[in-house]
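Here's the structure, in structure tokens; my notes come after.
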């Protein structure tokens, strides 16, 4: 069986396609024939330094996949934990604990399905952590990215108004997704620009880029909400002064989350797959993601 193994942590060149023994599933695991695997920034980080995730070489990265149950042929998708996983999805077959696997939504082919679990469940959990009511305004930094473009769709689906800070080349696509106020992310204070366009303060801000949360807090109303999937850095004292609740979100996988994500798919949420790569070109996919400005998701196909 072929798998992309990291035998020595490093850059994309550390991803080596080799033959490995067939996985033997335990009683609480399901053997999955992998059809497609999503690529995420955390994959890049764990190839470079897996110590934070509690794994040591050799190991396989890849934490979201679409495939078929080897015993029944049932279409499935899965999201496995980033921490502690040594046998990730970048392999022809993988044994996965059943609690991380669910039936694949019938609306999705394997490539589209593989692009959703990590970013989709992250977007879901960000939205669930902030108690916003319909009609609230949320500013999303990084709205065109893998998590962001899904968060925009989910937020609009529950009646939120979305402002987005992004690149000029992404403006049309974000508008199509439902963004009502767009501001150029290159301006000195995108949150201030959003508030100026709205004529009132924000109810919430989400930072999917890094370093954007603290500068946005002065523009969030008293009692508002803020979330990030990147870091909690900078001067955050204003959150106390304005009673803004802060949420640092690291996605937690589980079958229930996949069922909730399937409901979003049924409601029309879709990922934008920017490009696909063969298993042999996994390193190229990592280089592409590291270069930035992907504007969606990259997927490895088997």
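Would you check which residues across region 255-276 are closer than 16 Å to residue 101 by Cβ and touching a strand residue (DSSP E or B) at 6+ places or on another chain (Cβ under 8 Å) and list them? Answer for region 255-276, where residues must be closer than 16 Å to residue 101 by Cβ and touching a strand residue (DSSP E or B) at 6+ places or on another chain (Cβ under 8 Å): 255, 257, 258, 259, 262.
Checked against (1) buried (at least 24 other Cβ atoms within 10 Å of the Cβ); (2) under 22 Å from residue 270 (Cβ atoms), residue 109 passes all but condition (1). Restricting to region 21-32, name every residue that is crowded, with 16+ Cβ neighbours inside 10 Å and within 26 Å of residue 276 (Cβ to Cβ). 23, 30, 31, 32 - these are the residues of region 21-32 that are crowded, with 16+ Cβ neighbours inside 10 Å and within 26 Å of residue 276 (Cβ to Cβ).
Taking the criterion of being touching a strand residue (DSSP E or B) at 6+ places or on another chain (Cβ under 6 Å) and more than 17 Å from residue 190 (Cβ to Cβ), the residues of region 133-155 that qualify are 136, 146, 155.
Restricting region 81-92 to residues that are in a loop (DSSP other than H, G, I, E, B) and touching a strand residue (DSSP E or B) at 6+ places or on another chain (Cβ under 7 Å) leaves a set whose member that is farthest from residue 35 (Cα to Cα) is 86. Would you mind telling me which numbered condition in (1) surrounded by fewer than 18 Cβ atoms within 10 Å (Cβ to Cβ); (2) over 15 Å from residue 117 (Cα atoms) residue 266 fails? Unmet for residue 266, out of (1) surrounded by fewer than 18 Cβ atoms within 10 Å (Cβ to Cβ); (2) over 15 Å from residue 117 (Cα atoms): (2). Residues in region 246-263 that are outside any loop (DSSP other than H, G, I, E, B), touching a residue at least 40 places away in the same chain (Cβ under 8 Å) and under 22 Å from residue 205 (Cβ atoms): 247 alone. Report, by residue number, each residue of region 214-245 that is part of a helix (DSSP H, G or I), at pLDDT 95 or above and more than 26 Å from residue 167 (Cα to Cα). If the condition is that a residue be part of a helix (DSSP H, G or I), at pLDDT 95 or above and more than 26 Å from residue 167 (Cα to Cα), then no residue fits.
Looking only at region 231-242, decide whether some residue is in contact (Cβ under 8 Å) with a residue 60 or more places away in the chain and out of contact with any helix residue (DSSP H, G or I) (no Cβ under 8 Å at 6 or more places or on another chain). No, every residue in region 231-242 fails to be in contact (Cβ under 8 Å) with a residue 60 or more places away in the chain and out of contact with any helix residue (DSSP H, G or I) (no Cβ under 8 Å at 6 or more places or on another chain).
Yes or no: residue 211 part of a loop (DSSP other than H, G, I, E, B), surrounded by fewer than 21 Cβ atoms within 10 Å (Cβ to Cβ) and modelled with pLDDT under 95? Considered against the rule, which asks whether it is part of a loop (DSSP other than H, G, I, E, B), surrounded by fewer than 21 Cβ atoms within 10 Å (Cβ to Cβ) and modelled with pLDDT under 95, residue 211 comes out as yes.
Would you be able to say whether some residue in region 98-106 is touching a helix residue (DSSP H, G or I) at 6+ places or on another chain (Cβ under 7 Å), more than 30 Å from residue 28 (Cα to Cα), at pLDDT 95 or above and surrounded by 24 or more Cβ atoms within 10 Å (Cβ to Cβ)? Looking through region 98-106, none of the residues is touching a helix residue (DSSP H, G or I) at 6+ places or on another chain (Cβ under 7 Å), more than 30 Å from residue 28 (Cα to Cα), at pLDDT 95 or above and surrounded by 24 or more Cβ atoms within 10 Å (Cβ to Cβ). Counting only residues that are in contact with a helix residue (DSSP H, G or I) (Cβ under 6 Å, 6 or more places away or on another chain) and free of Cβ contacts under 8 Å to residues at least 40 places away in the same chain, region 56-87 holds 1 of them. Have a look at 95, 57, 78 and point out the one that is surrounded by 22 or more Cβ atoms within 10 Å (Cβ to Cβ) and in contact with a strand residue (DSSP E or B) (Cβ under 8 Å, 6 or more places away or on another chain). After ruling out the rest, the residue left standing is 78.
The values are calculated or read from the model by the stated rules, or taken from the named source; none is laboratory data. Everything quoted here is computed from the prediction, not taken from an experiment. Positions of Cβ are generated from backbone atoms using ideal geometry, with glycine treated the same way; all protein chains shown enter the neighbour counts.
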